[in-house]
2 protein chains.
Amino acid sequence: MRPVTVYDIAREANVSVATVSRVLNNTAPVKKETRDRIVALMNKHQFQPNALARSLTRKETGMIGFILPDITNPFFPEVLSGFDYEARKLGYTYFLCDTISTNEENQRLYDRQYERESQYLSLLMEKQVDGIVMIGGRVDLAKPDPALAHELEEVAKRVPVLLLNGSLPKTKLNRVAADQKLGAQLAVQHLIDLGHRDIAVIGGFSKMTNTQQRLAGFRTAMKDAGLPVHREWVMTEGFSVEKGQEFTTHLLNAKRRPSAIFCMNDLLAIGALKAAHRAGIAVPEQLSIVGYDDIPQATYCIPELTTVSLLSQETGRQAARTLDKMIAGKKVPFLQTIVPELIIRETTAPYQP
Amino acid sequence: MRPVTVYDIAREANVSVATVSRVLNNTAPVKKETRDRIVALMNKHQFQPNALARSLTRKETGMIGFILPDITNPFFPEVLSGFDYEARKLGYTYFLCDTISTNEENQRLYDRQYERESQYLSLLMEKQVDGIVMIGGRVDLAKPDPALAHELEEVAKRVPVLLLNGSLPKTKLNRVAADQKLGAQLAVQHLIDLGHRDIAVIGGFSKMTNTQQRLAGFRTAMKDAGLPVHREWVMTEGFSVEKGQEFTTHLLNAKRRPSAIFCMNDLLAIGALKAAHRAGIAVPEQLSIVGYDDIPQATYCIPELTTVSLLSQETGRQAARTLDKMIAGKKVPFLQTIVPELIIRETTAPYQP
DNA sequence: TGACAAAATGAAACCCGTTTCATAAAAGGG
DNA sequence: CCCTTTTATGAAACGGGTTTCATTTTGTCA
């Protein structure tokens, strides 16, 4: 059966479609009697306006595109959840655009991510979304490919684009981002306050902005405390549990060991925890570990992770509110900074010689 | 600047919009010369067809609604990721509809979930999605509210609806679902094979179908082995880490302790692990633990969780393929069963008196 | 009761594609 | 070279709403 349209309602109510539309949207006064008749018919037929038709004329869809690299990375659902909360309240629906590739064996491949981002951008434009949020992927590049950056700016001319937790230098796109450097400083300062002097950093990808910033925070904290940074205690290129395990095993097998490890994310920290456990080293008594991101799993480990919270939910909420303002044509600050918090749990303890 | 339309292209190419449309969709032969001219103009102006207008006439949108209870529950991103993989290949975009409520403090509230599901259903209808996938929430109800069930069936009359991992008895809606009972049997049989006789079950919600089925699997396995089920060793109403910890602490404090615990999901198992650790009980030497779901975190714990995999990714993929067929009007089996697998890792060991 | 503003409503254009139907042009067959 | 197909193309309707503009009613106040 064909869905009921405003024409059907209009015919049966002996009015024009214009009047039906007015009742539907409350855009102009309609005589009470007429209105009641129309409303009754709408209920009777369970009339649901066709959003496509509506959006076509209104030139707004209430749809947003949310582009992220990998929904199975637990950090993103947190952000998304905050975004969802506000977006829903503001009347938006959103397309989830995951840019990761997986092969048939469900292994994640990051190689064609940017290509996929581009595909999604143009798909979202066709779908006439009101705005686009991007997190991860190309947004995290310290040196963005000029072509990519240009493409994003072109898109941003047509529809509001908001970047989360990244930067994309040289472009001037609006952003909501946590202060990554400060987060790292907080973490490392905490270790220093506990008496640690031999501190290693593991993880991250050197070409990513956030890695560079966190590393800068690490260096600043060390420098401020007059502590040296050993080259062999800075191990990058990886963000997974496996990598964390690998890095840590390596550190623990060296002749000189750090007494504390600052991990670029919680997954790495979980890996570090596993490596320490396998090596028979007690955490936090013999080795302090600090993570980054405060994913839910940080409290699932034994012991629970001390970590830096980027207030992921809050970031998502902020994003929705900001994007809504941009869509409404209001001015918003170019950069909204989220101030990270150190969450002290169980993986850090005072240094014991 | 106003986006370029087929009319703009047509005017500049000195053809009618019909011809432009034909070039766009390859629906009829167009003289090579003309086609080239039009294609060139499209590229020149970066023409992107308006998907709204297109969908309006075609009566298909390539959009799907994916309704789930809580994206921060790590089980769902897995399913979603599999779904995404196939859906993308098949040319669909999807709206993510999270039905959980959170308050300002980011606490999750499950009380208004069904209400939200209903809202999303009607929103998705308005948006003219081509199909709807539902997982969790109302789908897991062993005794569905008749009104809710009726609503879903009404929706299903207009647009293909596919339920994942649930049942909704008495309705005849298509489903893709793991064999929950078998999964539980696999897990419990494994414990029995290891020599355990004192086995407890924790978690789940008694009004949910999957809980009832898993419980049935537990009972069957026990009965087949001639083992008794102690009432006080069956503890339900909860699915979280905290609950797992609470249940397990309770079990370990009792005068008689089980030697193995079957948990209704991995989160509970992680909680059990934490409780055992706090109580100074070694896993798996003194206590064997089996989880359910095989979420990624199952390998992050120490020791790594033995658990039942529901092949979440595969479920998602299957869902996408099946829904696509339904949309195409092809016949699909009412129920597609996913056969769970037992993943033996480190939290189970032979019974030691 | 007349004058004028406000309320109520309809006709028609518009949004941007797709599709049908009709016509014109080119190609193939005898 | 004429007739029949096939190819190529345009005009116009359509999908389902919104919105402008004009017109008719109704209400209010002097």
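Output the number of residues of region A:1-47 satisfying the condition of being assigned to a helix (DSSP H, G or I) and in contact with a Phe, Trp or Tyr (Cβ under 9 Å, 6 or more places away or on another chain). The total comes to 7. Just one residue in the set A:Ala28, A:Ala40, A:Ala18 is within 6 Å of DNA strand D (Cβ to nearest atom) and surrounded by fewer than 16 Cβ atoms within 10 Å (Cβ to Cβ); that residue is A:Ala18.
Rundown of residues vs (1) within 23 Å of B:Arg175 (Cβ to Cβ); (2) part of a loop (DSSP other than H, G, I, E, B); (3) more than 14 Å from chain A (Cβ to nearest Cβ), yes/no style:
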site: B:Lys243; (1), (2), (3): no, no, no
site: B:Gly271; (1), (2), (3): no, no, no
site: B:Pro303; (1), (2), (3): no, yes, no
site: B:Lys331; (1), (2), (3): yes, yes, yes
site: B:Arg345; (1), (2), (3): no, yes, no
site: B:Tyr351; (1), (2), (3): no, yes, yes
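Can you find a residue that is touching a helix residue (DSSP H, G or I) at 6+ places or on another chain (Cβ under 7 Å), at pLDDT below 95, within 16 Å of DNA strand C (Cβ to nearest atom) and of a type outside the set (Lys, Arg) anywhere in region A:20-29? Yes, the conditions are met somewhere in region A:20-29. Every condition in (1) within 31 Å of the chain's Cα centre (by Cα); (2) more than 18 Å from A:Leu186 (Cα to Cα); (3) open to solvent by 50 Å² or more (accessible area, probe 1.4 Å) holds for A:Gly238 except the one numbered (3). The lone criterion from (1) among the small types (Gly, Ala, Ser); (2) open to solvent by 10 Å² or more (accessible area, probe 1.4 Å); (3) at pLDDT 95 or above left unmet by A:Ala87 is number (2). All conditions but one from (1) open to solvent by 10 Å² or more (accessible area, probe 1.4 Å); (2) in the same structural domain as A:Gly137 (by TED's automatic domain parsing); (3) among the aliphatic types (A, V, I, L, M); (4) within 16 Å of DNA strand C (Cβ to nearest atom) apply to A:Leu109; the one that does not is (4).
For a quick check of your reading: which helices (runs of 4 or more DSSP H) sit entirely within region B:48-154 and have at least 2 residues that are of a type in the set (D, E, K, R) and facing another protein chain (nearest Cβ under 8 Å)?
Values: elements: B:51-58, B:75-89, B:113-126.
Filter on region B:48-154 gives B:75-89.
For region B:342-353, a residue qualifies if it is under 21 Å from B:Leu267 (Cα atoms) and open to solvent by 90 Å² or more (accessible area, probe 1.4 Å), and exactly one does: B:Ile344.
Scanning region A:298-325 for residues that are of a type outside the set (Phe, Trp, Tyr) and open to solvent by 30 Å² or more (accessible area, probe 1.4 Å) gives A:Thr299, A:Ile302, A:Glu304, A:Leu311, A:Glu314, A:Gln318, A:Arg321, A:Asp324, A:Lys325. Residues in region B:276-297 that are more than 10 Å from chain A (Cβ to nearest Cβ), without any contact (Cβ under 8 Å) to a residue 60 or more places away in the chain and not in a loop (DSSP other than H, G, I, E, B): B:Ile289 only.
Of the listed requirements (1) in a helix (DSSP H, G or I); (2) crowded, with 22+ Cβ neighbours inside 10 Å; (3) of a type outside the set (A, V, I, L, M), B:Thr220 misses just one: (2).
When B:Ser81, B:Ser55 are screened for being away from DNA strand D (no atom under 15 Å from the Cβ), open to solvent by less than 20 Å² (accessible area, probe 1.4 Å) and polar (S, T, N, Q), only B:Ser81 passes. Residue selection: B:Leu24 satisfies the criterion of being without any contact (Cβ under 8 Å) to a residue 60 or more places away in the chain, under 27 Å from A:Ser55 (Cα atoms) and in contact with a Pro (Cβ under 7 Å, 6 or more places away or on another chain).
The values are calculated or read from the model by the stated rules, or taken from the named source; none is laboratory data. The structure displayed is predicted, hence computed values, not measured ones. Quick reminder, even Gly has a Cβ in these numbers, built from the backbone with ideal geometry, and neighbours come from all protein chains shown. Keep in mind that these areas ignore ligands, DNA and RNA; they rest on the heavy atoms of the full protein, side chains included. Shrake-Rupley method; radii C 1.70, N 1.55, O 1.52, S 1.80 Å.
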